[in-house]
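*Asks:* First the structure, which I've put down as structure tokens, then a few questions once you've had a look.
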Amino acid sequence: MLVAKELSYYPTEALEVKEKPRKKTRKIQEKKKKKNNSLAKLTIMSIPMVILGIALSILFRYANITAVRQEITNLERQKVELEKVKLDLVADLEGIKSSVKIAEDAVTKLGMNYPTEGQIVYVSINDNKVEHVEKSSIGKQIRKVFSMVTNLF
């Protein structure tokens, strides 16, 4: 009975007031837990997404590298083929430019022959006369110009 007296001694209003703040704090604590849980879920979900994005970007880079390597090998093949063509053209050019080939073509295609002793004519040129003739021709030209100027006056 003693216990009953103690219970009747405390007012019921005071107990109710104490219970109400506990409910509010419990609700706040539950909301905080939910927020913490949602944040944890969000971080747990975002980490794999970030890893997936990084993996995809790495794969994309490897694909680009592979494409560039294929292009390089194709260009190297073309380079080798062009070098072969160049060597063939240089060999053809050397064959065309050779004096033996030119002489053979002249004899076979054009019917040309080397001259005989009777067909060769030697011409001698006197260098002194050519210089003297040039001096006299310059003098003649100066006289002509001078005579034309005097005829004008």
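The values are calculated or read from the model by the stated rules, or taken from the named source; none is laboratory data. Bear in mind that the values here come from a model prediction, so they are computed numbers and not experimental data. Methodologically, a virtual Cβ is constructed for each residue, glycine included, from the backbone with ideal geometry; neighbour enumeration extends over all protein chains shown. Please note that ligands, DNA and RNA were not included when accessible areas were found on the heavy atoms of the full protein model with its side chains. Shrake-Rupley method; radii C 1.70, N 1.55, O 1.52, S 1.80 Å.
*Asks:* Being at pLDDT below 85 and out of contact with any Asp or Glu (no Cβ under 7 Å at 6 or more places or on another chain) is the requirement here; does Ser136 meet it?
*Replies:* So Ser136 passes the test.
*Asks:* Additional query: Wholly within region 1-114, which helices (runs of 4 or more DSSP H) include no fewer than the required count, namely at least 1 residues that are of a type in the set (Asp, Glu), modelled with pLDDT of 95 or more and open to solvent by 100 Å² or more (accessible area, probe 1.4 Å)?
*Replies:* Qualifying helices (runs of 4 or more DSSP H): 12-97.
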